[in-house]
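The values are calculated or read from the model by the stated rules, or taken from the named source; none is laboratory data. All values reported here derive from a predicted model rather than from experimental measurement. Reconstructed Cβ throughout: ideal geometry from the backbone, glycine too, with neighbour counts over all protein chains shown. The protein model used for the area step is the full one, side chains on, heavy atoms only, and it has no ligands, DNA or RNA in it. Shrake-Rupley method; radii C 1.70, N 1.55, O 1.52, S 1.80 Å.
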Amino acid sequence: MVKQNKLLIFILTIGVFGIINTEMGVIGILPSLAEHFGVSISKAGLLVSLFALVIAVSGPTMPLFFAGMDRKKVMLLVLGIFVLGSVVSIFTTNFTVALLARIVPAFFHPIYCSLAFSVAAASVSKAEAPKAVSKVFIGVSAGMVVGVPIASFLANTASLQMAMAFFALINIIAFIATMIYIPSMPVKEKLSYGSQLSVLKKLITWQSIVAVIFLNSAVFGVYSYLAEYLKTVTAMSSNSITIMLVVFGGANIIGNIVAGKLLTNNAAKSVMIFPFALVAVYIALFLFGQFSIPVAVITLVWGILAGIGGNINQYWIMSSAPEAPDFANGLFISSCNVGTTIGTAAGGLFISGIGTEYVIFVGILSLILGLISIIVRNYSKQSQTKPLAS
């Protein structure tokens with residue numbers, strides 16, 4: 001049983017890697033895509049921004065619609081759609097067709113990811129659930145970090161089509177592994193749409209969503225401009241910047257492993273400490289941003305905390321609505337995308353308004369707001385559980 005659970009979680013991790021890799025890997029080949037389709041870089045950027053926007057919109061709704069179906073069949077459906085989208089992208093020379101081949105899978109993205117988190121958590125005891133989810137999060141981190149340089153390498157050394165074939169290949173592997181090794185998983189107790197949507201009536205759900213939006217904004221409002229920061233403030237070379245991005249990504253994976261242990265042992269304390277720890281990192285980055293060696297160390301610590309933060313976000317929303325796990329994970333995915341959008345937009349405003357080095361304050365401000373949201377949720381929860389005086 002233990003071996004079967006480990007295999008299940010491993011396949012889910014590969015599947016999530018394939019989904020996120022398809023989403024984020026395009027970032028590494030945008031110039032090549034713009035040239036291939038004969039469009040501007042900004043127009044080619046729609047392949048990324050529209051994908052993210054669709055995820056933000058479909059995050060809460062799509063997992064809800066598929067919640068009553070056999071989970072294996074749903075995962076195969078989503079992976080099949082992603083394979084088909086990647087194959088179309090390989091052979092089309094029409095930008096509109098390529099855009100549609102991205103947008104359609106994006107609607108199904110939250111379904112697979114929310115199911116992966118839910119199935120991983122349900123495969124182990126309640127106490128061990130954060131560890132299981134943290135392992136699946138390794139696929140998220142790897143998809144975000146490994147996908148970009150691999151796609152870029154394949155496009156530069158082989159061809160653009162080979163880079164897009166890489167997206168298809170990972171999803172094909174996940175599809176075959178799911179089909180062969182994952183057993184049928186019919187939903188034993190189908191939750192009505194009403195019962196799942198009822199979690200939105202709870203104040204704690206909205207408090208959790210607000211906190212996750214701010215916490216994700218705190219990470220991506222700064223990380224989105226890390227390359228620019230290292231180039232402008234730290235004055236690093238292109239090769240050094242690439243190394244730093246890889247360090248951040250590798251540290252992110254370490255953070256996922258650490259998060260599983262932290263959330264299993266003392267979740268409440270870990271959530272409270274996180275904003276303080278990341279604020280300390282951002283202050284250090286602001287003070288020592290001009291020096292390469294300190295920045296390298298700070299980036300390593302920052303990457304670990306970012307990995308922990310992703311797990312904290314998922315736990316924070318999931319723990320507010322455990323009675324509707326698939327819908328809660330959809331809310332988590334949507335909240336993260338909203339946070340990323342807000343943080344990135346605010347970071348851009350800070351950079352254009354007062355300078356690149358001040359993008360750090362987007363992170364600090366978001367963390368302060370996130371901490372307030374965490375405290376408010378904790379206070380509300382304590383008030384609800386406190387017995388009335390006789």
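Examine segment 212-224 for a residue that is among the hydroxyl-bearing types (Ser, Thr, Tyr) and outside any helix (DSSP H, G or I), and state whether such a residue exists. There is at least one residue in segment 212-224 that is among the hydroxyl-bearing types (Ser, Thr, Tyr) and outside any helix (DSSP H, G or I). Of the residues making up segment 372-384, none is open to solvent by less than 70 Å² (accessible area, probe 1.4 Å) and under 24 Å from ALA251 (Cα atoms). Looking across segment 312-325, the residues that are in contact (Cβ under 8 Å) with a residue 60 or more places away in the chain and within 19 Å of SER134 (Cβ to Cβ) come down to ILE312, ASN313, GLN314, TYR315, TRP316, ILE317, MET318, SER319, SER320, PRO325.
Okay, residues lined up against (1) modelled with pLDDT of 95 or more; (2) over 19 Å from the mean Cα position of the chain (by Cα); (3) open to solvent by 30 Å² or more (accessible area, probe 1.4 Å); (4) charged (D, E, K, R):
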| site | (1), (2), (3), (4) |
| --- | --- |
| ALA284 | yes, yes, no, no |
| GLY289 | no, yes, no, no |
| VAL297 | yes, yes, yes, no |
| SER319 | no, no, yes, no |
| PRO325 | no, no, yes, no |
| GLY355 | no, yes, no, no |
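Meeting the requirement of 3 or more residues that are of a type in the set (A, V, I, L, M, F, W, C), modelled with pLDDT of 90 or more and surrounded by 16 or more Cβ atoms within 10 Å (Cβ to Cβ), the helices (runs of 4 or more DSSP H) wholly within segment 1-89 are 2-24. Here GLY250, GLY309 are screened, and the one residue that is open to solvent by less than 20 Å² (accessible area, probe 1.4 Å) and in contact (Cβ under 8 Å) with a residue 12 or more places away in the chain is GLY309.
Within segment 96-117, one or more residues are open to solvent by 40 Å² or more (accessible area, probe 1.4 Å) and of a type outside the set (A, V, I, L, M, F, W, C). Quick check on ALA227: is it open to solvent by less than 20 Å² (accessible area, probe 1.4 Å), assigned to a helix (DSSP H, G or I) and of a type in the set (A, V, I, L, M, F, W, C)? No: the conditions fail for ALA227.
It is to be established whether one or more residues within segment 173-196 are under 21 Å from ALA44 (Cα atoms), more than 22 Å from the chain's Cα centre (by Cα), touching a residue at least 24 places away in the same chain (Cβ under 8 Å) and surrounded by 14 or more Cβ atoms within 10 Å (Cβ to Cβ).
No, every residue in segment 173-196 fails to be under 21 Å from ALA44 (Cα atoms), more than 22 Å from the chain's Cα centre (by Cα), touching a residue at least 24 places away in the same chain (Cβ under 8 Å) and surrounded by 14 or more Cβ atoms within 10 Å (Cβ to Cβ).
Just to be sure, is THR234 of a type in the set (Ser, Thr, Tyr), part of a helix (DSSP H, G or I) and modelled with pLDDT of 85 or more? The answer is no for THR234. Say whether the condition of being of a type in the set (S, T, N, Q) and closer than 28 Å to SER192 by Cα is met by at least one residue in segment 87-95. The answer is no, given that none of the residues of segment 87-95 is of a type in the set (S, T, N, Q) and closer than 28 Å to SER192 by Cα.
Residues are listed down the side, and each one gets a yes or a no for (1) in contact with a Ser or Thr (Cβ under 9 Å, 6 or more places away or on another chain); (2) outside any helix (DSSP H, G or I); (3) farther than 30 Å from LYS190 by Cβ:
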| site | (1), (2), (3) |
| --- | --- |
| LEU278 | no, no, yes |
| TYR282 | no, no, yes |
| ILE308 | yes, no, yes |
| SER320 | yes, yes, no |
| PHE332 | yes, no, no |
| THR344 | yes, no, yes |
| PHE350 | yes, no, yes |
| TYR358 | no, no, yes |
| GLY370 | yes, no, yes |
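LYS131 satisfies every condition listed in (1) open to solvent by less than 30 Å² (accessible area, probe 1.4 Å); (2) at pLDDT below 90; (3) closer than 19 Å to ASN313 by Cβ; (4) in contact with a Ser or Thr (Cβ under 9 Å, 6 or more places away or on another chain) except (1).
Per-residue answers, yes or no, for (1) hydroxyl-bearing (Ser, Thr, Tyr); (2) at pLDDT below 85:
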| residue | (1), (2) |
| --- | --- |
| GLY143 | no, yes |
| VAL148 | no, yes |
| SER152 | yes, yes |
| ALA158 | no, no |
| ALA163 | no, no |
| LEU169 | no, no |
